[in-house]
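Okay, so here's the structure we're looking at.
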Amino acid sequence: MMTLHFTVPNMACSACSDTITHAIKAVDPSAKVNADLKTKLVDVETQASETSVKQAVSEAGYTVA
Ligand SMILES: [Cu+2]
């Protein structure tokens, strides 16, 4: 289990954070996702690889910074 931290600059509202959360949970159903709309920071506690989590977010249409 590791915690990833990254920024999603185009995460604008709760629909965005829901989409991002679902995309990550499709990769790892046991992932814990915390997305902060104000700071655009996303924290993910997961067993999945950083690459696969970031890829899921970008495939959902979001920028991973
Ligand atoms: Cu949105």
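The values are calculated or read from the model by the stated rules, or taken from the named source; none is laboratory data. Nothing here was measured: the structure is a model prediction, and the numbers come from that model. Using ideal geometry, Cβ is built from the backbone for each residue, glycine included, and neighbour counts are taken over all protein chains shown.
Of note:
- Residues that are in a strand (DSSP E or B) and either touching an Asp or Glu at 6+ places or on another chain (Cβ under 6 Å) or closer than 18 Å to Gly61 by Cβ (or both) within the stretch 7-47 comprise Thr7, Lys32, Val33, Asn34, Ala35, Val42, Val44, Thr46, listed in sequence order.
- All positions within the stretch 1-26 that are touching a strand residue (DSSP E or B) at 6+ places or on another chain (Cβ under 8 Å) and closer than 17 Å to Gln55 by Cβ: Met2, Leu4, His5, Phe6, Thr7, Val8, Met11, Ile20, Thr21, Ile24, Lys25
- Filtered by the rule that a residue be within 12 Å of the ligand (Cβ to nearest atom) and in contact with a Leu (Cβ under 7 Å, 6 or more places away or on another chain), the stretch 15-49 gives a lone residue, Ser17.
- Count of the stretch 1-14 residues which are more than 10 Å from the ligand (Cβ to nearest atom) and free of Cβ contacts under 8 Å to residues at least 40 places away in the same chain: 1
- Of the residues making up the stretch 56-65, at least one is in a helix (DSSP H, G or I), surrounded by 14 or more Cβ atoms within 10 Å (Cβ to Cβ) and more than 16 Å from the ligand (Cβ to nearest atom).
- Residue check: Met1 meets all listed conditions (1) at pLDDT below 95; (2) touching a helix residue (DSSP H, G or I) at 6+ places or on another chain (Cβ under 9 Å) but one, namely (2).
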